[in-house]
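Contents: one structure, followed by commentary.
Only the coordinates and a few stated rules stand behind these numbers; no lab work does. Source: prediction; values computed, not measured. Positions of Cβ are backbone-derived with ideal geometry, glycine not excepted, and every protein chain shown enters the neighbour counts.
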Amino acid sequence: MAEKTQRLEIVTPEKKVFSGDVRFVVVPGVEGELGFLPDHAPLVSALKNGKVRVQQEGRQLKFNVAGGFVEVRNSRVMVLADSAEPVE
């Protein structure tokens, strides 16, 4: 059986930084890290500066984000960041 996934979008005012199906996402919430698996309960939270960590098809991806918000709904995680860049 295939692993369940959720859609992740990381967007800034200038561009879409990432869009894809992922297994797990961790974001830097203002009150601490928040982790999301598929079918997570709906949530909206402010973000602080930090790293978004992503598990996708057995690999780890990281993105630096500077502020913004995260919205989780219907197995979709939308990160609306002031700025975001992939970590090499």
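Tell me, in nm to one decimal, what length is gained between residue 9 and residue 44 on full extension, where the rule is 0.36 nm per residue of separation less the Cα-Cα distance?
Stretched fully, the residue 9-residue 44 segment lengthens by 11.2 nm.
Charged side chains reduced to their Cβ positions (Lys and Arg at +1, Asp and Glu at -1) give segment 6-86 a dipole of some 160 debye around its Cα centre.
Of all DSSP beta bridges in the chain, what percent run antiparallel (nearest 5)? Show your work: numbers first, answer last.
Working: 36 of 41 bridges.
Roughly 90 percent of the beta bridges in the chain run antiparallel, per DSSP.
Taken along its three principal axes, the alpha carbon spread of segment 6-86 comes to 25, 23, 19 Å, from the longest extent down to the shortest.
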